[in-house]
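For reference, the structure discussed in these notes is given below.
The values are calculated or read from the model by the stated rules, or taken from the named source; none is laboratory data. Small disclaimer: the values here were computed from a predicted structure and weren't measured. We place every Cβ from the backbone using ideal geometry, glycine too, and count neighbours over all the protein chains shown. These area figures cover heavy atoms from the full protein model, side chains too; ligands, DNA and RNA do not enter into them. Shrake-Rupley method; radii C 1.70, N 1.55, O 1.52, S 1.80 Å.
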Amino acid sequence: MSEAPEKSPRYDQGMATRRSVLGDSYVDEAQKSKTAFDEPFQDLITDAAWGHVWSRPTWTKRERSMVTIALLAALGHDEEVAMHVRATRNTGATPEDIMEALLHVAIYAGVPAANHAIKIAKNALRQMEGDSEREEGR
């Protein structure tokens with residue numbers, strides 16, 4: 001069996017950014033469940049999405065978070081909307097920021113897409129609130 005190729009500096013930056021946005025536990029689980037089949041895809045998103053786009057200095061993570069949520073909502077990518085709403089605890093985007101992004105979705109991508117994404121966001125925010133309350137009760 002051949003040795004795994006060394007990862008690029010952009011991949012390493014992407015992994016650091018991915019961890020800072022999604023959290024170590026989420027990324028650790030994704031890495032643990034990775035197989036030979038999906039490893040090329042995981043490498044691609046770590047390098048391109050996280051290492052190139054999310055790591056650029058022009059926008060803050062908060063700004064990228066809002067745009068990402070709006071795009072995912074407009075495209076109907078429900079699981080990704082929920083994941084990125086949960087990531088706002090690390091990006092600094094507030095529930096108000098999320099609502100502003102989804103209002104844009106309503107106008108530019110359609111009310112049904114925004115309505116559905118708002119339900120997903122509300123549920124994710126409720127879960128996050130419950131998680132915070134449990135952590136405070138420790």
*Return only the number of the condition from (1) touching a Phe, Trp or Tyr at 6+ places or on another chain (Cβ under 8 Å); (2) under 19 Å from E129 (Cα atoms); (3) without any contact (Cβ under 8 Å) to a residue 60 or more places away in the chain that R64 does not satisfy.*
(2)
*Show the residue pairs that are 6+ apart or on different chains and have beta-carbon atoms under 8 Å apart, the first residue being within region 89-114 and over 22 Å from E129 (Cβ atoms), the second being open to solvent by less than 10 Å² (accessible area, probe 1.4 Å).*
V105/A73; V105/A114; V105/A117; A106/A114; A109/A73; A113/A73; A113/V105
_Search result, residues across region 101-127 that are exposed (fewer than 15 other Cβ atoms within 10 Å of the Cβ), farther than 26 Å from D24 by Cβ and of a type outside the set (K, R)_ = L103, I107, Y108, G110, V111, P112, N115
*Does any residue of region 95-112 turn out to be assigned to a helix (DSSP H, G or I) and either closer than 30 Å to S8 by Cα or of a type in the set (K, R) (or both)?*
no
_Can you confirm whether E29 is part of a helix (DSSP H, G or I), open to solvent by 80 Å² or more (accessible area, probe 1.4 Å) and either within 28 Å of S8 (Cα to Cα) or in contact with a strand residue (DSSP E or B) (Cβ under 8 Å, 6 or more places away or on another chain) (or both)?_
yes
*Which of the residues that make up region 32-55 are aromatic (F, W, Y), part of a helix (DSSP H, G or I) and open to solvent by 40 Å² or more (accessible area, probe 1.4 Å)?*
F41
_Just the residues that are small (G, A, S), open to solvent by less than 90 Å² (accessible area, probe 1.4 Å) and modelled with pLDDT under 95, please, taken from region 1-26._
A4, S8
*Starting from region 121-132, take each residue that is within 10 Å of R89 (Cα to Cα) and in a helix (DSSP H, G or I) and list its partners that are of a type in the set (D, E, K, R) and open to solvent by 50 Å² or more (accessible area, probe 1.4 Å), counting only C-beta distances under 8 angstrom and pairs at least six apart or across chains.*
M128/R86; M128/R89
*Kindly indicate the residue of region 74-97 that is of a type in the set (A, V, I, L, M) and closer than 21 Å to Y26 by Cα and also surrounded by the fewest Cβ atoms within 10 Å (Cβ to Cβ) among those meeting that condition.*
M83
*Right, R62: assigned to a helix (DSSP H, G or I) and not small (G, A, S) or not?*
yes
